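Read-outs: derived from the displayed coordinates by stated rules, not from any lab. Everything numeric in this text was worked out from a predicted model, so none of it was measured. Quick reminder, even Gly has a Cβ in these numbers, built from the backbone with ideal geometry, and neighbours come from all protein chains shown.
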Amino acid sequence: MAGHLRNHGEKTQKDKQASLINKASVGDVLAQPITDEEAWIEVVQKMDSVYAELVNSQAELEKKNAELEDAQKFISSVLSSMTDVLIVCDPDGKIQQVNQALEHLAGFSEKALIGKSLESIFSDDCKLMAAQMPEHMRSNQPISDCEISVVDADGESVPLSVNCSSRFDHKGRTMGVVLIGRPVGELRRAYKELDQAHHTLRQTQQQLVFSEKMAALGRLVAGVAHELNNPISFVFGNMHALKTYGEKLTTYLKAVEEHSDDHQLQQLRQQLNINRIANDIMPLVEGTLEGAERVSDIVQELRRFSGTQKEAADHFALYPLVKTAASWVLKGAKSKPRISIHCPADLMVYARKGYVHQIMINLIQNAVDVLADQEKADIAVECTKNGKGVIVSVNDNGPGVADHDIDHIFEPFYTTKPIGKGTGLGLYVSYNMAEEIGGYLSVKNLPDQGAAFQLSLPCKPGNETDGK
């Protein structure tokens, strides 16, 4: 046995030598008697060259093999980390490879699944569809977002949302099918979480709008109190006068009921100034009603300004709203710039009145704050018709908006005011409210001095403006 192995080893060695001799093309030389030393040198050189080539080929082969192993490990790590199900099939629909996600979902090992037909792992109502997938791929009919159920180890159906595509070799020939699926339950849960996040965001935005409204309302309390004080004082004074007149009229009517003579009634009439009361009573009542209506209007404006419920869009005159907003801001401000309003009395817009009121107060208040330390402070509110709608421009003669601030001016919590002087929400809320009513809010620096905040508003339903 040992002799046989030795003879076999010697034969193998001779075969290797013959192969090396043939590769070096020195077989003819060695077959002849070599008497020349140069011939031996030539043979050795050729053999060295071939050997070096073999060594290089072996090194390159080992390098390629290492790269192939790294690529295989990389692909395996990617497949194992995928949460989506992956199934690879040959052109006949036989499973060639699956990932760990399918193993966990179905409860079968990859070894148990390889070689099975594709339809065997799906539920009965999906088997026909699964069997037709390879044919769809051969006819270039991709499948996307198809709901199909996998049967797990317990016999339960697990619905998947599947995308299917063809697999090609390096020559572009179809080699099979690749299926990627995600459990529908996971998708539904993701959609539910997304919907909940969106709902929370909407609630937060509404709370943000309301908080900014109340913050602005707090700044305007002094001005609103002054607005209410005038008509209430007027009504109060008139009611005192009406009370006095009522007492005198009661005294006179009591005398009439007692059948006093005409002379006594005439004296009493002159003493109580009944004629003047008769002339004054209607103007007093009308004035009182006017003051009460003014109080009612202010209260309605306050309710509209601070209310949490959305009002319906409607047509309204723009000038009274701008005038009220400017009056509220100016009477509540410590420094009082000169405010001029250039707006046609008959200019109408179509929007939510409370939103426009809020935006105008924020813009005018912003201009007042900018001009707080300026000696000659002017604010001009200009309202002009512009094709699709109306442009309301609030211009000030302040320092303007710095270049590095102008692109961020409408971002939440971004403010150029000192700490404690501003929340950075007023312009952000105004910007979003303008978009919600079909308008647009923008800012630009004026050529000479100051900045202009421009609010675009629609004039009629469905006539939204972009303001750009």
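The table below gives the values:
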quantity: Estimated FRET transfer efficiency (Ala292, Leu347; beta-carbon r; R0 22 Å; 0.05); calculated: 0.15
quantity: Gain on full stretching of the segment that runs from Glu147 to His408 - 0.36 nm per residue minus C-alpha separation; calculated: 89.5 nm
quantity: Restraint check, Lys353/Lys376; Lys323/Lys444; Lys331/Lys376; Lys385/Lys444, Cα-Cα greater than 21 Å; calculated: Lys353/Lys376; Lys323/Lys444
quantity: Cα centre as origin, Lys/Arg/Asp/Glu Cβ charges: segment 314-458 dipole, Debye; calculated: 520
quantity: FRET efficiency estimate (nearest 0.05) - Cβ-Cβ, Val285 to Lys376, R0 41 angstrom; calculated: 0.35
quantity: Segment Asn273-Met129, extension gain: residue separation times 0.36 nm, minus the distance between their alpha carbons; calculated: 41.6 nm
quantity: Least to most buried among Val285, Val392 (fewest other Cβ within 10 Å first); calculated: Val285, Val392
quantity: Sorted by Cβ density within 10 Å, fewest first, the residues His408, His259; calculated: His259, His408
quantity: Peptide ranges 79-86, 160-167 listed from the most packed, as the mean C-beta count within 10 angstrom indicates; calculated: 160-167, 79-86
quantity: Percentage relative contact order, segment 314-458, counting C-alpha pairs under 8 Å, at least six apart; calculated: 24
quantity: Segment 82-188 shape via C-alpha gyration tensor axes, a/c threshold 1.5; calculated: prolate
quantity: Label-point separation, Ser81 to Glu110 (7 Å along Cα→Cβ), nm; calculated: 1.6
quantity: Packing-based ranking, highest mean first, of 190-201, 271-282 given that Cβ atoms within 10 Å are counted; calculated: 271-282, 190-201
quantity: Local electrostatic count, Lys63, Cβ distance below 15 Å [Lys/Arg +1, Asp/Glu -1]; calculated: -4
quantity: Among 351-360, 452-461, 61-70, the order from most to least packed when residues are scored by Cβ within 10 Å on average; calculated: 351-360, 452-461, 61-70
